[in-house]
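**Q** Below you will find the structure I want to go over with you.
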């Protein structure tokens, strides 16, 4: 028996769960399924991995082909392999996730009603994409407490109110204002710019910058933020 024919052929796909932060709300990028079985239902951005691709290359290609987005950091989250997860037969998929500021990434494609949807309103999706979405969302909530991902969603100078809004949107919970500020003050990773907010409807707050140099020095001993 030839070695090339000794192994069963099993379709391999990738699915991208792209989370976006906008106007103090966490959203996810979804598209309408083009399969008749799931007519009208939302789905994640996915496709088959080509024979000449590794998973990372496939995920970046799929994201670009579906959205036009480039240079988006994607992290492999989990592989889903239930035998009955796809109506067409046995298909194994690997999920990738990302978190970005929606204002910094304009969608170049709108095929199949591609759009951002509030995470809080997602109740049903095609295939097993609800399971994949839920897994990725839990991954994100854990990840944002382990790494300072929130800083990538904010401008260079930001208020503690804006920083807290990011964490509350992603963690889907209301955080105590005093405890939140105390935690970040104790880390010593925020630089006071000696400036305050302007043109805001609430009481102007101090503006800070994240000290990336200090974070790099402490990265090995970083224990995250436990809310």
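Let's see how each residue does on (1) in a loop (DSSP other than H, G, I, E, B); (2) loosely packed, with under 14 Cβ neighbours inside 10 Å:
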{"residue": "140", "(1), (2)": "no, no"}
{"residue": "144", "(1), (2)": "no, no"}
{"residue": "156", "(1), (2)": "yes, yes"}
{"residue": "164", "(1), (2)": "no, no"}
{"residue": "168", "(1), (2)": "no, no"}
{"residue": "216", "(1), (2)": "no, yes"}
{"residue": "220", "(1), (2)": "no, yes"}
{"residue": "226", "(1), (2)": "yes, yes"}
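Here's the yes/no breakdown for (1) assigned by TED's automatic domain parsing to the domain that holds residue 189; (2) under 28 Å from residue 172 (Cα atoms); (3) surrounded by fewer than 13 Cβ atoms within 10 Å (Cβ to Cβ):
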site: 63; (1), (2), (3): no, yes, no
site: 86; (1), (2), (3): no, no, no
site: 100; (1), (2), (3): no, yes, no
site: 105; (1), (2), (3): no, yes, no
site: 111; (1), (2), (3): no, no, yes
site: 115; (1), (2), (3): no, yes, no
site: 118; (1), (2), (3): no, yes, yes
site: 130; (1), (2), (3): no, yes, no
site: 137; (1), (2), (3): no, yes, no
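**Q** Among the residues that make up the stretch 171-193, is at least one of them under 23 Å from the mean Cα position of the chain (by Cα), outside the structural domain of residue 19 (by TED's automatic domain parsing), at pLDDT 95 or above and assigned to a helix (DSSP H, G or I)?
**A** Within the stretch 171-193 (the criterion being under 23 Å from the mean Cα position of the chain (by Cα), outside the structural domain of residue 19 (by TED's automatic domain parsing), at pLDDT 95 or above and assigned to a helix (DSSP H, G or I)), the answer is yes, since at least one residue qualifies.
**Q** Could we say that residue 17 is part of a strand (DSSP E or B), closer than 23 Å to residue 137 by Cβ and not assigned by TED's automatic domain parsing to the domain that holds residue 167 here?
**A** yes
The values are calculated or read from the model by the stated rules, or taken from the named source; none is laboratory data. All values reported here derive from a predicted model rather than from experimental measurement. Neighbour counts run over all protein chains shown; Cβ positions are idealised from the backbone, glycine included.
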